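The structure appears below as structure tokens.
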Amino acid sequence: MSFNLLVLTCLAYVALLFAVASLAERSAEDGRAGWLRSPLVYTLSLSVYCTAWTFYGAVGYAARSGLEFMTIYLGPTLVFVGWWVVLRKLVRIGRENRVTSIADFISSRYGKSNLLGVIVTLLCISAGTPYIALQLQSIAQSFTVFVTDIDSAPVAGDRTLIALWVAMGLAFFTIVFGTRNLDANEQHHGVVTAIALEAVVKLVALLAVGVFVVWGVADGPADMLARIDAQALPEWQIQPGRWTGLILLSAIAIITLPRMFQVLVVENVNDKHLATASWAFPTYMFAISLFVLPIAAIGMELMPAGANPDMFVMTLPLALGRDDLALLAFLGGFSAATSMVIVASLALATMVSNHIVVPLWLRLRTAQGQDTGDMRLLVLNVRRLSISIVLGLGYLYYTLSGGSEALAAIGLIAFVGVAQILPALLGALFWRGASRTGAALGLVAGAAIWAYTLLLPSFGAGIILPAHVMADGLLGLPWLRPYSLFGLTTLDPLLHALFWSLLVNALAFCLGSFLSFPSPIERVQGALFVNIYDRPGLARSWSRPMAQAEDLLSMAQRIIGVKSAQGFFQAQAAAQGKAGFLPDITPEFLEALELKLAGSVGAATAHAMIAQSAGTAVVSVEDLMAVASETAQIMEYSSQLEAQSEELSRTARKLREANDKLRKLSVQKDAFLSQISHELRTPMTSIRAFSEILMEADGLSAEEQAHFAEVIHDESIRLTRLLDDLLDLSVLEHGQVQLDVAPANLRKLIDQAITSSKSVQAQRHFRILRSRDDEEVMITTDGGRLTQVFINILSNARKYCTSETPEMHIQVRRAQDLIEIDFTDNGSGIPTASQSLIFEKFSRLTDSLQAGGAGLGLAICREIMQNLGGDIIYVPGQGGASFRVSFPRVLSLPAPRKDAAE
Amino acid sequence: MVQKRILVIEDEPNISEAIRFILTRNGWQVEVEADGLAALSRLRADPPDALILDLMLPDMDGFEVLRNLRADAPTRDLPVLMLTAKGQSADRDLAARLGVTRFMTKPFANAEVVSALQDMVGP
């Protein structure tokens, strides 16, 4: 085919792409972008993964190494099928934060750090430039292969010149469709649609050549398989280690390649599209790799020895006289190369402009005290310039490297380069503790090892790395040899570089994250990213109004355009319930504005610009930290207040309880006199009545006289006992009691108490359960008083125990120098409401007839026990009434009274 | 002449014994009940001519018994002599409000009780 015809074909094809892209852009602008937003277009745009390397290189790869080329598809397939969750999270975070590139993603996650943005940008440029060069090379190469009239058109033989033209043409296309507008989402419907079309072209082209080879050249699949076997080389043997490494590498690359991030995350309009892509994209990759091995095998069989297998897709149909198929293949390869270059340069240019040029320019202008001028035009022009620079670098690399490398090698080197982003990326998604320092350390360390062990040596010994370094290691140290770092000689250079760079990268990342303390904004961003799904709203990064709405509007107009900015401000004002263009400067509004601007210039830059408009210093991370620490102080203060209010409510509760008790006691105190009156008057009434009867004395029998006298006698004794009790209590209460402290055997005291209490309701048989061994304790206390307490408890039990077969269980425990005795009967116990009152004076629960006392017994017991340095309490929930008497084994005088100060 | 029946509600056995002796000697028929609640049903079934009522009783105190009596038609006008050992004026007021016939504090003079009952039911 003549050179002119070929150029014409290419131009026609490019014109078609322009038309499709324009149509898509216009549809999107008119809001008729429905079909553009289909999952199918999204999936097809992902095929930007399949570059010229896939199209031409895979066949060459298959010819050289058999099925190994499949690893490049298996990795992404595994990711799309198995790591769907990771992709979804990545896409969700990217969209919600309006991330513009993978550099922006990393920068945004680690505290909107522009340093990280710069590192990732530089890494991507160094990995991406050779890759772009590779595409230019393949297009140039395919041109020279296809053109038959090289002699009449000398220019066709000059690959460098062709590469230059191609680079310029692609730059033009990318600038036209990649920088048409600086809209919020950094989405390029025109580009994506064109890429989707190219995806179809390259798939159809490869399938067509494949079908021709299997059914046109070979005699169907069976014959084909036989011919493949016939061509099999020893190198085709599967190497498990290399396979694992390559699958891992391509799996990482599908996430970390800048162009993949662009189509996967930035251009994504709906994360549900991933659900379709998760099966459709692997299917696409399966289809495009289906005929690679057949084409390679037939090419090796039919083409002359020494023919470049990388070009078999085109040269094989040409050799067999199928120029139409060859042209289709050419267009397929052209599609593969151009789509990659367009998306890659777009992604890289976004990074360069957002992370390097604009921040630099902003800083310079601010330093000079100048107004920032029309940012919109500036950003667009920077973007345009960056695209040209990126493609220029690619072209430069192409001319420098001489274009002689096997295609696959360059692709894999780039893969290992961008794989260095993985630790920081995964950390961003899943590890809140990951810090900026860690990410920076990991990236730099990984990139350095990658450059030293893979990128620089790839130029060949003596080009950049001196030959002696390659052979003997840096500074003559053998363990610093680029291809066998630290003495690791068993791996091939690619896996060797992958292993060491990722290992050191991940270690540095983890170590750096563990050892550094993330700044507040890092922690905020970390939480936002890691917990993307359970986020109710946006974080409050801006906590106080700092800028005038008017200033912000004029700034926004400069960045996103007058119409768009005014529309945004008007909508925000309307949302706040205000008319006009100037909303209140709320933190929510600033957050929304920052997000809007971030869509155009990246998170770090947008943040810096709002800070600038707000009149603060260049970058407001410090300001944010101040705000954050202010917040922390407020939180601390409020937690103190909370603690104080808890303390208050605790005190209030105590007071309330004390008050309740006082009120109860007061009621009892009121009742006290009335009680004493009643207790004294009751026996007196009997005494007076019977003495009057006896005084009148007429007609009384002797028995009657004796009986009445006996009643008077008994009631007098009752009266005396009551007075004794009252006096006793008074003495005990006021601590004036004389204690008779002496050594005594506890068992004997209990024996004595049991015997004494038997006179109470003597007709009842009371079973006493006790362990005399436990009771064998020598104590030093007032034995008489202690026995008085025991008798009281035992007598109460005899009086009140409701059981038909009453029992009393006495358990003695010794805890160091404290004796505890539980007296538990099997009756119905004391009602909960009364338990707190039983130790109070006159708190008799039943009638006086049954009790036969004034209700002072337990009050006296409590006073006695406190005088003995111990206590008596009621133990609830023991089945029956249960009293626990506790006291020190040896009482030291003076007895410590708990309420001595009262 | 029909013997007058007097019911005594008193939980102190010695005191009720003394009252029974005094009133019996005076020619009245005396019944004793120690429990307010039990006494109430007995009062309703067969109202006596007069009632001597202690204030401090188990289960149901004297005030409550009195309140019930006054709310019931057959016992609305029953003469009641209330005795109390507590001797607080507030109790006397409350008893008056509830419609007690006589109120006396313990210890009492036997002659006083007899004369009070004679006022209430006649000789």
(request) Only bridges with both residues in segment A:733-823 count here: give the DSSP antiparallel percent, nearest 5. (result) 75
(request) Report, by chain and number, residues whose modeled amide H sits under 5 Å from the one on B:Met60, excluding near sequence neighbours (fewer than 5 apart, same chain). (result) B:Gly36, B:Leu37
(message) What number does segment A:738-888 give for Rg over Rh if you use C-alpha atoms and the Kirkwood radius?
(response) 0.94
(request) Filter the cross-link list A:Lys202/A:Lys563; A:Lys664/B:Lys106; A:Lys799/B:Lys4 down to pairs whose alpha-carbon distance in this structure exceeds 29 Å. (result) A:Lys202/A:Lys563; A:Lys799/B:Lys4
(message) Give me Rg/Rg_expected for segment A:5-76, where Rg uses Cα atoms only and Rg_expected = 2.2 N^0.38 Å with N residues.
(response) 1.54
(request) Report the extension gain between A:Ser836 and A:Leu396 in nm, rounded to one decimal, defined as 0.36 nm multiplied by the number of residues separating them, less their alpha carbon distance. (result) 148.9 nm
(request) Project the alpha carbons of segment A:3-420 onto their principal axes and report the range along each, largest first, in whole Å. (result) 73, 52, 42
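I need the per residue convex hull volume for segment A:192-305, using only the alpha carbons, in cubic angstrom as a whole number. The partial results should precede the final answer.
Details: hull volume 16.8 nm³, N = 114.
Dividing the Cα hull volume of segment A:192-305 by its residues yields 148 Å³.
Evaluate peptide A:674-686: per residue, the Cβ atoms of other protein chains within 10 Å of its Cβ; return the mean as an integer. Each step should come with its number before you reach the end.
Numbers: counts 8, 3, 1, 7, 8, 2, 3, 8, 10, 6, 3, 13, 9.
Whole-number average of other-chain Cβ neighbours for A:674-686 is 6.
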(message) If I take R0 = 25 Å and measure r between the Cβ atoms of B:Ala73 and B:Val121 in this structure, what FRET efficiency does the formula 1/(1 + (r/R0)^6) give, to the nearest 0.05?
(response) 0.80
(message) How long are the semi-axes of the equivalent ellipsoid of segment A:643-726, taking √(5λ) for every eigenvalue λ of the Cα gyration tensor, in whole Å from largest down?
(response) 52, 10, 7
(request) Enumerate the lysines that A:Lys89 could reach by cross-link, defined here as Cα to Cα under 20 Å, with residues fewer than 8 away along the same chain left out. (result) A:Lys112, A:Lys272
(request) Would you mind getting the Kirkwood hydrodynamic radius of segment A:413-458 from its Cα pairs, rounded to one decimal in Å? (result) 11.0
(request) Please list the non-local residues whose amide H lies under 5 Å from the amide H of B:Val8, H modeled 1.01 Å from N, same-chain partners needing a gap of 5 or more. (result) B:Glu31, B:Val32, B:Glu33, B:Ile52
(message) Using the Karplus curve 6.51 cos²θ - 1.76 cosθ + 1.60 with θ = phi - 60°, what ³J(HN,Hα) values do you get for each residue of segment A:243-250, in whole Hz, with x for Gly and Pro?
(response) 4, 4, x, 5, 5, 4, 4, 6
(request) Give me a single rounded figure for B:12-21: the average over its residues of other chain Cβ atoms within 10 Å of their Cβ. (result) 6
(message) Apply the Karplus curve 6.51 cos²θ - 1.76 cosθ + 1.60, θ = phi - 60°, to the phi angles in segment B:71-76 and return the couplings in whole Hz, x for Gly and Pro.
(response) 7, 9, 3, x, 10, 4
(message) Using a 7 Å offset from the Cα along the Cα-to-Cβ direction at both A:Tyr533 and A:Ser716, what is the distance between the two label points in nm, to one decimal?
(response) 9.3
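Calculate, for A:Arg363 and A:Arg26, the FRET efficiency according to 1/(1 + (r/R0)^6) with r their C-beta to C-beta distance and R0 35 Å; round to the nearest 0.05. List each step's numbers first, then the result.
On the way: r = 38 Å, r/R0 = 1.09.
Result of the calculation: an efficiency of 0.40.
If each residue of separation counts as 0.36 nm, what is the full-extension length gain between A:Asp158 and A:Leu727 once their alpha-carbon separation is subtracted?
Numbers: separation 569, 0.36 × 569 = 204.84 nm, distance 12.74 nm.
The span from A:Asp158 to A:Leu727 would gain 192.1 nm if fully extended.
For the residues A:Ser892, B:Ser89, what sequence is obtained by ranking on other C-beta atoms within 10 Å, fewest first?
Starting with the residue having the fewest Cβ neighbours, the order is B:Ser89, A:Ser892.
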(request) Please give the FRET efficiency for A:Thr9 paired with A:Gln237, using the beta carbon to beta carbon distance and R0 = 35 Å, rounded to the nearest 0.05. (result) 0.30
(message) At 0.36 nm per residue, and after removing the present C-alpha to C-alpha distance, how many nm does the segment from A:Leu290 to A:Val176 gain when stretched out fully?
(response) 37.5 nm
(request) Using the Karplus curve 6.51 cos²θ - 1.76 cosθ + 1.60 with θ = phi - 60°, work out ³J(HN,Hα) for each residue of segment A:67-80 in order, rounded to whole Hz, and write x for Gly and Pro. (result) 6, 4, 4, 4, 4, 5, 9, 5, x, x, 4, 4, 5, 5
(request) Determine the shape class of segment B:3-123: with a ≥ b ≥ c the square roots of the Cα gyration tensor eigenvalues, call it rounded for a/c under 1.5, and otherwise prolate if a/b is greater than b/c, oblate otherwise. (result) rounded
(message) With the cut-off at 1.5 for a/c, could you classify segment B:15-61 from its C-alpha gyration tensor as rounded, prolate or oblate?
(response) oblate
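Which of A:Tyr61, A:Tyr73, A:Tyr13 has the fewest other C-beta atoms within 10 Å, and how do the rest follow up to the most? Mind dumping the intermediate values first?
On the way: A:Tyr61 28, A:Tyr73 23, A:Tyr13 18.
Ranking A:Tyr61, A:Tyr73, A:Tyr13 by Cβ neighbours within 10 Å, fewest first, gives A:Tyr13, A:Tyr73, A:Tyr61.
Going by how many other beta carbons lie within 10 Å of each one, how would you line up A:Ser142, A:Ser519, A:Ser649, fewest first?
Numbers: A:Ser142 28, A:Ser519 20, A:Ser649 11.
With the sparsest Cβ surroundings first, the list reads A:Ser649, A:Ser519, A:Ser142.
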(request) Round to a whole angstrom and tell me the spacing of the C-alpha centers of segment A:224-266 and segment A:583-598. (result) 45
(message) Students often forget the sequence filter, so: which aspartates and glutamates lie under 14 Å Cα-Cα from A:Lys748 once same-chain residues fewer than 8 apart are removed?
(response) A:Asp773, A:Asp774, A:Glu775, A:Glu776, A:Asp782
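No value in this document is a laboratory result; all are computed from the given coordinates. Treat the numbers as computed from the prediction; the structure is a model and nothing was measured. Positions of Cβ are backbone-derived with ideal geometry, glycine not excepted, and every protein chain shown enters the neighbour counts.
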